[in-house]
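Working notes, beginning with the structure itself.
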Amino acid sequence: MKKEAQIFKALSDETRVKIIVMLSKGSLCACKILEAFDITQPTLSYHMKILCNTGLVNCEKKGLWNYYSLNDETVLVISDYIKLIRRT
């Protein structure tokens with residue numbers, strides 16, 4: 001349950017939830033994510049590091065930019081966990 005707690009903690013921030021929603025539509029360059037927010041690049045990096053460290057988001061470096069995508073396996077783990085909670 002430690003991993004699930006870390007994921008829910010990461011999702012307790014509104015910016016990170018919005019990033020997850022954006023990534024649910026497909027892989028995005030960090031530059032595109034940054035355009036959607038009124039934050040600095042270091043602040044975006046901070047949020048992305050948290051999301052990547054939990055395993056919710058994958059990162060792939062291409063040239064100067066990082067491209068981010070949802071980690072489907074982790075999303076399924078969380079989905080199954082929520083279903084388990086509903087049953088109890």
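The values are calculated or read from the model by the stated rules, or taken from the named source; none is laboratory data. Fair warning: this is a prediction, and the values are worked out from it, not measured in the lab. Reconstructed Cβ throughout: ideal geometry from the backbone, glycine too, with neighbour counts over all protein chains shown. What goes into the accessible areas is simple: the full protein's heavy atoms, side chains included, and nothing from ligands, DNA or RNA. Shrake-Rupley method; radii C 1.70, N 1.55, O 1.52, S 1.80 Å.
So, in segment 60-88, of the ones that are among the hydroxyl-bearing types (Ser, Thr, Tyr) and in contact (Cβ under 8 Å) with a residue 40 or more places away in the chain, which residue ends up most open to solvent (accessible area, probe 1.4 Å)?
By that ranking, first place goes to Tyr67.
Please enumerate the residues belonging to segment 3-18 that are in a loop (DSSP other than H, G, I, E, B) and under 10 Å from His47 (Cβ atoms).
Asp13
Filter segment 24-51 for residues that are among the hydroxyl-bearing types (Ser, Thr, Tyr) and farther than 25 Å from Ser79 by Cβ and give the result.
Scanning segment 24-51 gives Thr40, Thr43, Ser45, Tyr46.
Please work out which one of (1) touching a residue at least 12 places away in the same chain (Cβ under 8 Å); (2) within 18 Å of Ser79 (Cβ to Cβ); (3) assigned to a helix (DSSP H, G or I) is the condition Val21 fails and give its number.
So the condition that Val21 fails would be (1).
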